[in-house]
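The structure appears right after this line, and notes come after that.
The values are calculated or read from the model by the stated rules, or taken from the named source; none is laboratory data. Note that this is a predicted model, so its numbers are computed, not measured. Positions of Cβ are backbone-derived with ideal geometry, glycine not excepted, and every protein chain shown enters the neighbour counts. Side chains are part of the model used for accessible areas, which takes the heavy atoms of the whole protein and leaves out ligands, DNA and RNA. Shrake-Rupley method; radii C 1.70, N 1.55, O 1.52, S 1.80 Å.
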Amino acid sequence: MAFLFSSSMARSVPKFTSFTILIVFLLSCFSFSSTEAYDALDPNGNITIKWDIMSWTPDGYVAVVTMYNFQQYRHIQAPGWTLGWTWAKKEVIWSMVGGQTTEQGDCSRFKGNIPHCCKKDPTVVDLLPGTPYNQQIANCCKGGVLNSWVQDPANAASSFQVSVGAAGTSNKTVRVPKNFTLKAPGPGYTCGPAKIVKPSKFTTADQRRVTQALMTWNVTCTYSQFLSQKTPTCCVSLSSFYNETIVPCPTCTCGCQNNITQPGSCVEGNSPYLASAIAGHSSKNSYSPLVQCTTHMCPIRVHWHVKLNYKEYWRVKVTITNFNYRMNYTQWNLVVQHPNFDNITQIFSFNYKALTPYASINDTAMLWGVKFYNDLLEQAGPLGNVQSEILFRKDSETFTFDKGWAFPRRIYFNGDNCVMPPPESYPWLPNASPQPIISLLGPVMALLASLTFLMAYA
């Protein structure tokens, strides 16, 4: 049976197509916003806040709040985390151990005993190292620093104790707080609603008794680099022994050098006013980066150099350079994705752990410094870099230097994705060696000589 396509149907098709395209576009926008915090190399990474009510008081309860960093390689550096929420009713904080609120708020309605905080939306910070022991609990007082789960699991949790009043005195009358926020120290984390879960259980030191919380709720916070900063903070440059080309970080990767329209946006490395520029910048914002003037303007650059080629092995040198005059990166880490990590033989002066975000595929490695040796990446200057070399064993089925295969697919520094150069700029192998050219020129020159001889005697 023939299909008849009328003119009216033809006129209706463009309208339907345009409408469909619009719907698909809107759905893609919504899909992006809902998955922007997803990290393909750490799909289950998050910070979980556990709120355990340990005892009831005449007008409320005493709880221990613990943050667990379940992210494999992303941590919270100094000046540390800041946790906030909104009370569901008219709760107040009578006292705290291991932490404190940044503001007391209006407590004028109380006579005699004044609460620690009366704000509807309190903000809590960690206490500093060296806090007196009578103000500490386990996992507190680290200045808000929270290390990553793989790199330092012993310091991947942070706790404080809070005594809450005007809150209800049973599981049926207590209401969970709302609108949790986590800053580390800036934006980047989005926290979901608090969910009541099974009460946490605790084992005593002698392992002979198990106790449990009276009530527990969890809050899950996920990280988005896009929310953390609008521009990148790290870039990658490349080089190799088989090509003289050094591929720099793309120009203006992390912003453009413009001291004319924005004085003080960067500092020349040999500037006599460097010290005063750093001091002046510190008075404005002690946490924003002050970078050395470069074409890329990134605080961090990672350089991957293909160094040597052996019969059964090949060798890479990795250098991390800090261009930020305001930041020493403590407990730094690097995550690199390359297919030859399944045949890594040796790594020098860095720690190494394989990450397997894709189950059986072992192509991702986490690298970090050796404690007391190079785990501190100092601020910009002569000592502002760390480096190591990696020895890989060749796999005859996959190994090649052709078409940029020897360079990484993806690099993260401290959990943030570094900008790679465009693939067409990678140092590739020479198109041909000199020997084939010479062997081709020989017959050509002989042919031309023969023709010249024949023409001369024709």
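Look at segment 349-375: where a residue is in a loop (DSSP other than H, G, I, E, B) and a partner is open to solvent by 40 Å² or more (accessible area, probe 1.4 Å) and β-branched (Val, Ile, Thr), sitting 6+ places away or on another chain with Cβ atoms under 8 Å, you get Ser349/Val370; Asn362/Thr356; Asp375/Thr330. When each of Ile49, Ile93 is tested for being assigned to a strand (DSSP E or B) and farther than 30 Å from Trp332 by Cβ, the lone residue that passes is Ile93. The condition (being more than 27 Å from Thr173 (Cβ to Cβ), open to solvent by less than 40 Å² (accessible area, probe 1.4 Å), touching an Asp or Glu at 6+ places or on another chain (Cβ under 9 Å) and assigned by the TED database to the domain that holds Cys191) is satisfied by just one residue among Cys140, Cys117: Cys140. Filter segment 283-328 for residues that are open to solvent by 10 Å² or more (accessible area, probe 1.4 Å), touching a residue at least 60 places away in the same chain (Cβ under 8 Å), over 30 Å from Lys394 (Cα atoms) and touching an Asp or Glu at 6+ places or on another chain (Cβ under 8 Å) and give the result. The answer is Gln292, and nothing else. Of everything listed in (1) polar (S, T, N, Q); (2) surrounded by fewer than 17 Cβ atoms within 10 Å (Cβ to Cβ); (3) out of contact with any His (no Cβ under 9 Å at 6 or more places or on another chain), the single unmet condition for Ser158 is (2).
Candidates are the residues of segment 358-368 that are buried (at least 17 other Cβ atoms within 10 Å of the Cβ) and in contact with a Ser or Thr (Cβ under 8 Å, 6 or more places away or on another chain); the one that is nearest to Phe413 (Cα to Cα) is Leu367.
Listed here are the residues, each with its yes/no results for (1) over 18 Å from Gly45 (Cα atoms); (2) modelled with pLDDT of 95 or more; (3) of a type outside the set (Lys, Arg).
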{"residue": "Ser158", "(1), (2), (3)": "no, yes, yes"}
{"residue": "Val162", "(1), (2), (3)": "yes, yes, yes"}
{"residue": "Thr169", "(1), (2), (3)": "yes, no, yes"}
{"residue": "Lys178", "(1), (2), (3)": "yes, yes, no"}
{"residue": "Thr181", "(1), (2), (3)": "no, yes, yes"}
{"residue": "Pro185", "(1), (2), (3)": "yes, no, yes"}
{"residue": "Gly192", "(1), (2), (3)": "no, yes, yes"}
{"residue": "Lys198", "(1), (2), (3)": "yes, yes, no"}
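Checking Ala78 against (1) among the aliphatic types (A, V, I, L, M); (2) under 19 Å from the mean Cα position of the chain (by Cα); (3) buried (at least 23 other Cβ atoms within 10 Å of the Cβ), which test does it fail? All conditions are met except number (3). Restrict the check to segment 170-192 and report whether at least one residue is free of Cβ contacts under 8 Å to residues at least 40 places away in the same chain and within 35 Å of the chain's Cα centre (by Cα). The answer is yes; a qualifying residue exists.
For every residue, the table says whether it meets (1) open to solvent by 60 Å² or more (accessible area, probe 1.4 Å); (2) in contact with a Phe, Trp or Tyr (Cβ under 8 Å, 6 or more places away or on another chain).
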{"residue": "Phe348", "(1), (2)": "yes, no"}
{"residue": "Tyr352", "(1), (2)": "yes, no"}
{"residue": "Val370", "(1), (2)": "no, yes"}
{"residue": "Leu376", "(1), (2)": "yes, yes"}
{"residue": "Leu383", "(1), (2)": "yes, no"}
{"residue": "Tyr412", "(1), (2)": "no, yes"}
{"residue": "Glu424", "(1), (2)": "yes, no"}
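Can you confirm whether Thr66 is of a type outside the set (D, E, K, R) and surrounded by fewer than 18 Cβ atoms within 10 Å (Cβ to Cβ)? Criteria not met by Thr66. In segment 86-114, the residue that is farthest from Lys172 (Cα to Cα) out of those that are open to solvent by less than 30 Å² (accessible area, probe 1.4 Å) and out of contact with any strand residue (DSSP E or B) (no Cβ under 6 Å at 6 or more places or on another chain) is Cys107. Filtering segment 351-374 to residues that are touching an Asp or Glu at 6+ places or on another chain (Cβ under 9 Å) and either under 15 Å from Phe392 (Cα atoms) or in the same structural domain as Val150 (by the TED database) (or both) leaves Ala354, Asn362, Asp363. The set of residues from segment 225-249 being open to solvent by 20 Å² or more (accessible area, probe 1.4 Å) and either modelled with pLDDT of 95 or more or more than 26 Å from Gly415 (Cβ to Cβ) (or both) comprises Phe241, Tyr242, Asn243, Glu244, Thr245, Ile246, Pro248.
Yes/no matrix, rows are residues, columns are (1) on the phi > 0 side of the Ramachandran plot; (2) assigned to a strand (DSSP E or B):
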{"site": "Lys119", "(1), (2)": "no, no"}
{"site": "Phe160", "(1), (2)": "no, yes"}
{"site": "Val164", "(1), (2)": "no, yes"}
{"site": "Gly168", "(1), (2)": "yes, no"}
{"site": "Val176", "(1), (2)": "no, no"}
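Across segment 163-179, the qualifying residues are those that are among the hydrophobic types (A, V, I, L, M, F, W, C) and closer than 20 Å to Pro193 by Cα, and the one among them that is surrounded by the fewest Cβ atoms within 10 Å (Cβ to Cβ) is Val176.
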